[in-house]
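Working notes, beginning with the structure itself.
The values are calculated or read from the model by the stated rules, or taken from the named source; none is laboratory data. Note that the structure is predicted; figures quoted are calculated from it, not measured. Note that we place each Cβ from the backbone using ideal geometry, even for glycine, and neighbour counts take in every protein chain shown. What goes into the accessible areas is simple: the full protein's heavy atoms, side chains included, and nothing from ligands, DNA or RNA. Shrake-Rupley method; radii C 1.70, N 1.55, O 1.52, S 1.80 Å.
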Amino acid sequence: MDFITKLRAVWDKQNSALMLGLDPDISRIPTHYACTTEGVYDFCRDMVDACAPYVCGFKPQIAYFAALGAERELERLCEHIRREHPSLVVILDAKRGDIGTTAKQYAIEAFERYGADAVTVNPYMGFDSIEPYLEWKDRGVIVLCRTSNAGGSDLQFLEVEGEYGRMRLYEHIATLACKKWNASGQLGLVVGATYPNEIARVREIVGPDMPLLIPGIGAQGGDLEATVTAALSFGGNALLINSSRAILYASGAEDCLQAASDVARKTRDKINQTILKIGKVHT
């Protein structure tokens, strides 16, 4: 089953567009977990199991694991998700941005070592930084477009003149993604929840079917209702709303799993309520 088909199936099965970001900060993990790489694995595994009923997938951020020397634990975690929750998607948040054989090695890491369904990539070096990942026909490639950080405007709001006319750089990336780069139908875009107007603009450009991975809900301050409304404003229903810290660290005590589960359920329900409010449903 290819990535887009798997996404559509899991949206229907789970009735959820919520992604749980797995960003294990060892300084914030509750103290009843060991302060070791094994403790990181135990914490993330338990969070996955507690929140699985309310999400469509998981987004492990590779840097949090690599900084601790916990790559093997990340492998085990991805294996656990595939074994225990096989219908849910795994998006490796790596933001890789190289070309040629180096990019191919990053693709092998994401798709073969970790078994991810999709990976995030940086398009700064153009299509050459995306093409190697497309050799894996059943996997997805999620391209950075309009990111949630304030400094993203330093480059993403620059006006450029290209083959599709004069537009801002993030609009140009979205246009390239849908008109030129996505011949195989494997692409999605990252658009931050902190900029709902730009979410709506990207949806207008790419149309209703391209998945939008939207980080920035919760700890980064993105407004959930405004985000969902913007993402659906031009008929789109392919969205992945990511929340990480607001769920993972809902409690620092022994009730952390129940607290995380409760926040995940409430977040999913608020997303669905907004979808219903504006008259859209997943298909």
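Based on DSSP H segments of at least four residues, each scored -39500 (n - 2.57), the chain has a per-residue ellipticity at 222 nm of -11500 deg cm²/dmol. With all protein chains in place and a 1.4 Å probe, the accessible surface of segment 3-282 carries 48 percent carbon and sulfur.
Charged side chains reduced to their Cβ positions (Lys and Arg at +1, Asp and Glu at -1) give the chain a dipole of some 660 debye around its Cα centre. The modelled label-to-label distance for the pair Arg265/Glu79, using points 7 Å beyond Cα in the direction of Cβ, is 3.2 nm.
Taking Cβ atoms as reference points and 12 Å as the exclusive limit, the residues near Tyr41 contribute a net charge of -4, counting Lys and Arg as +1 and Asp and Glu as -1.
Please say if segment 181-283 is rounded, prolate or oblate, where rounded means a/c under 1.5 for a ≥ b ≥ c the square roots of the C-alpha gyration tensor eigenvalues, and otherwise the choice is prolate for a/b larger than b/c and oblate otherwise?
Prolate is the answer for segment 181-283, as a/c is 1.5 or above and a/b outweighs b/c.
Other residues within the sphere of radius under 15 Å centred on the Cβ of Lys180, judged by their own Cβ, net out at -3 (K and R +1, D and E -1).
Would you mind calculating the relative contact order of segment 3-282 from Cα pairs under 8 angstrom and at least 6 residues apart, reporting the percent as a whole number?
Values: 530 pairs, mean separation 55.4, N = 280.
Reported relative contact order: 20 percent.
With the whole protein complex present, Trp136 retains an accessible surface near 40 Å², based on a 1.4 Å probe. Our Cα-only numbers for the chain put the radius of gyration and Dmax at 17.9, 56 Å. Can you find, among Gly69, Trp136, Leu232, the residue farthest towards the positive end of the dipole of the chain? Put +1 on the C-beta of Lys and Arg, -1 on that of Asp and Glu. Farthest towards the positive pole: Leu232.
Annotation: per residue accessible area for segment 3-282 equals 40 Å², rounded to a whole number [probe 1.4 Å, protein chains only]. Segment 223-283 and segment 150-218 have their alpha-carbon centroids 21 Å apart. Put simply, when 239-248, 116-125 are sorted by average Cβ atoms within 10 angstrom per residue, most first, you get 239-248, 116-125. Based on every Cα atom in segment 9-86, Rg and the maximum pairwise Cα distance Dmax equal 12.6, 38 Å. Computed extension length for Leu158-Lys179: 5.5 nm, one decimal, from 0.36 nm per residue of separation with the Cα-Cα distance subtracted. In this simple spin-label approximation, Arg113 and Ile278 carry label points 7 Å from Cα along the Cα→Cβ vector, and these lie 3.8 nm apart.
Out of all DSSP beta bridges in the chain, what portion is antiparallel? Express it as a percent rounded to 5.
10
If the segment from Tyr124 to Cys35 were pulled out straight at 0.36 nm per residue, it would be longer than the present Cα-Cα gap by 28.4 nm. Which of the lysines could be linked to Lys137 by a straight reach, that is with a Cα gap under 30 Å, when you skip same-chain ones fewer than 8 residues away? Excluding near neighbours in sequence, the set is Lys6, Lys13, Lys59, Lys95, Lys104, Lys179, Lys180, Lys280.
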